[in-house]
Amino acid sequence: MGARFLQIGLGLVLLLAAQHAPAVAIPGPECQTKCGEVDIQYPFGIGDNCSLSEGFNASCQEVQRGVYKPFIGNVELLNISLINGTIRELNHISTYCYNSSGMMDPDTWYYDASLTPYRFSDVHNKFTIIGCNTLAYIYDSTGTGYQSGCVSTCQNQTDLPNGSCSGIGCCQTAIPKGMGYYEVGFDSGFNTSQIRNFSRCSYAVLMEVESFNFSTTYISTTKFNDTNAGRAPVVMDWAIRNGTMSLGCEEAKLNKTGTYACLSSNSGCVDSRNGPGYLCNCSKGYEGNPYLPDGCHDVDECKNSPCPSGGACHNTIGGYRCSCRVGLKFSAQNNSCDLDTSLIIGVTLGSAGGILFLAALVAVLTRRWQRIVQKRLRKVYFRKNKGILLEQLISSDNTASDGTKIFSLNELEKATNNFDHTRVVGRGGHGTVYKGILSDQRVVAIKRSKVKESVEIEQFINEVAILSQINHRNVVKLHGCCLETEVPLLVYEFISNGTLYDLLHREQNDILLQLSWEERLRIAVEVAGALAYLHSAASMAILHRDIKCMNILLNDSYTAKVSDFGASKSIPIDQTHLVTAVQGTFGYLDPEYYHTGQLNEKSDVYSFGVILLELLTRKKAIVENGSCERQNLSSFSFEEMGKRPLDEVVDREILEETSEEAIMSMARLAEECLSLTREERPTMKDVEMRLQMLRARQGVAPRKKRDNEATRRCEAVRAKMINGAISVAAAATASLHGSRQYSLEQEFVLSSRVPR
């Protein structure tokens, strides 16, 4: 008997399926969904318009009275799997038998599924042969080539191992992937004389591996062939495909013809693993039929208790979640409630964050509290430092400088970089001076006093009140003050070249700086002009009370600036003097003021006379005489002039630059300023005028060698001047000290303001 074609009716169906593209049809409620014990699930269907396409059409046939079974073509359908994309059918077994005369005609089958949605599963099926000395194979669609095959041999029945199909009495082999054509062939070249009596027939079939278990009875009887009426289960992979032109998953989704088969909203497609086309699957967490609209519905995973013991399952749309008790966390990988490290870390971090937050909050509140305390303390200092009084003085005095300002502490801290030590430009017994830059880019000197006594604060207020009334080029300009500290701060214009004391007496590399006669005379004129202005040009006479070289500042061009008005006093022009506590610096202090306590403008004249001597001699206000005793410069200089030539007393540098007459003129002016009797002292206006005249006469050529007569005349004048000066100095000493015996060191202690 020749090869048999399995599906006569199916052939026409497959031909139509190959010629027409499938159209997506949705089955109606009248469509049959079950035949016998088999569920017919869409895209499969029974009847017109009940399947996705012709290739998925099935028929429900009565095989016995009252017994119905489904068929696809002429092949019985056992079941359908939408998830796996497979169907199980019954495949006919091909046979090859022998009789006493030799080989009989083989009874073989073929199955052409190449133009259908189906392919033979290479995963679930194997080509199986039973028999002795049997070679069988599977032809390809051309009929000349082979797709698979194997050989089974045996000598006698005792050689057969029951349950084993490894080539002795039984063999199995795999098939290629994507196989759509199946036809069995046998090889007749074996000698069968020795096996006819116990293995009369051989069998070959492509069948499901899981449905087969070899038995030795298959060799001696027809038991294997008799099962299912000569049929064995075979697994077919199916997919949504249209012959050889089938679309893949991504192409199908982009297809505009409306043939995409995955109709459920919770579904997606995957490419077929066996041949062209694609399959539809419900999305994760859903189950049902993805080929029907709304066919995929949520899976209640909690029915299967997926959570570990102690964990509670909560179904969600498309999934589920497990909850564990506090401190544990569900692990899907281990399906267990494990220690929740993230919770521990979170609690730890939360605690740490809370601590940091509290610390930051405490820091912020502390800083705010400190700012409030500082603000209140600054207000206390402002009142204590008589800030309200100073404000009234500045605002009520029309002569006060417009630039006088009461600064806040914040402004001065910003100007000095919080009083950084690198901004210090001077230190003294009374305080520190800082260089600062205000917000308007003005460079200033900020004086920060160390003394905290009420007397100093009174002097501070006095200095601000005095300087706010003064506007003179040779008086240091006061920009303002700050009263928000325990000790008030003064803000002056910045003077860069130190003091007259530094210029006259401080050595640099053991050498004193050169100071010409013209410069000395100019400085004397500038200081005298400033004092004359204070005494007579202001609305009220201002008595400095502490004129000395240390209080004469020099700017970049060495212009003199009178400073330090802490001890100054204002006196009405019509009043001759003030009675005050004695205050000044030893060496510069007016003897009559010290003796009587009566202060007037002539006290400043006396102090200025000492400065004139310092300019002439370049010696300090307190010197050591030949006996190593400390002595006032005034008495020392005039004593020396009586003993030595002029060029041994005055600074030699000026002897080379000016005439002896000019030097003697300044010396006589100093003598008058240092007179013991105030009435004999000139006013500062007179002093300024005489210095101006002396400066105007400096056009005269330097002195030449004098003749004897001129020399004798000058010596006589000098001797008279020196004798008078010595008498003045002696009288001043007696007036100041009376009959008391004390050293100059003790007298130095009596001074309330010492050189800084």
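Size estimate for the stretch 459-512 follows the Kirkwood approach: the inverse of mean 1/r over distinct Cα pairs works out to 13.5 Å.
Expressed per residue, the C-alpha convex hull volume of the stretch 275-385 stands at 240 Å³.
Residue separation times 0.36 nm, minus the C-alpha to C-alpha distance between Leu377 and Ala360: what's the value? Walk me through the numbers before you get to the answer.
Numbers: separation 17, 0.36 × 17 = 6.12 nm, distance 2.49 nm.
Length gained, Leu377 through Ala360: 3.6 nm.
A simple spin-label model places pseudo-atoms 7 Å from Cα toward Cβ; at Asp556 and Leu389 they are separated by 3.9 nm. Computed about its Cα centre, the charge dipole of the stretch 87-238 is approximately 260 debye, with only Lys, Arg, Asp and Glu carrying charge at their Cβ.
Applying 1/(1 + (r/R0)^6) with R0 = 35 Å to the Cβ-Cβ distance of Arg321 and Ser81 gives a FRET efficiency near 0.75.
Largest first and in whole Å, what are the equivalent-ellipsoid semi-axes of the stretch 108-152 based on the Cα gyration tensor, each being the root of 5 times an eigenvalue?
22, 14, 9
Across the stretch 61-69, rounded Karplus estimates of 3J(HN,Hα) from the backbone phi angles (6.51 cos²θ - 1.76 cosθ + 1.60, θ = phi - 60°) give 10, 8, 8, 9, 4, x, 10, 10, 9 Hz, Gly and Pro being marked x. Size descriptors for the stretch 87-238: radius of gyration and Dmax over Cα atoms are 14.8, 46 Å.
Pulled fully out, how much extra length does the chain show between Arg273 and Asp105, if you take 0.36 nm times their separation in residues and subtract their Cα-Cα distance? Working shown, then result.
Working: separation 168, 0.36 × 168 = 60.48 nm, distance 3.80 nm.
Taking 0.36 nm per residue and subtracting the Cα distance, the gain is 56.7 nm.
All Cα-Cα distances of the stretch 490-550, cut into 10 Å bins from zero to the largest, leave 17, 40, 33, 9, 1 percent in each bin in turn. Shown here are the Rg and Dmax of the Cα trace of the stretch 469-627, at 16.4, 51 Å.
The simple spin-label model puts a point 7 Å past each Cα toward its Cβ; for Gln692 and Gln598 those points are separated by 3.0 nm. Note on Glu30 and Arg668: the extension gain reaches 215.3 nm, defined as 0.36 nm multiplied by sequence separation minus the Cα-Cα distance.
Throughout, read-outs are computed from the coordinates displayed, never taken from laboratory work. Quick caveat, the model's predicted, so the values are computed rather than measured. A quick note on method: Cβ atoms are made from the backbone with ideal geometry, for glycine too, and the neighbour counts reach across all protein chains shown.
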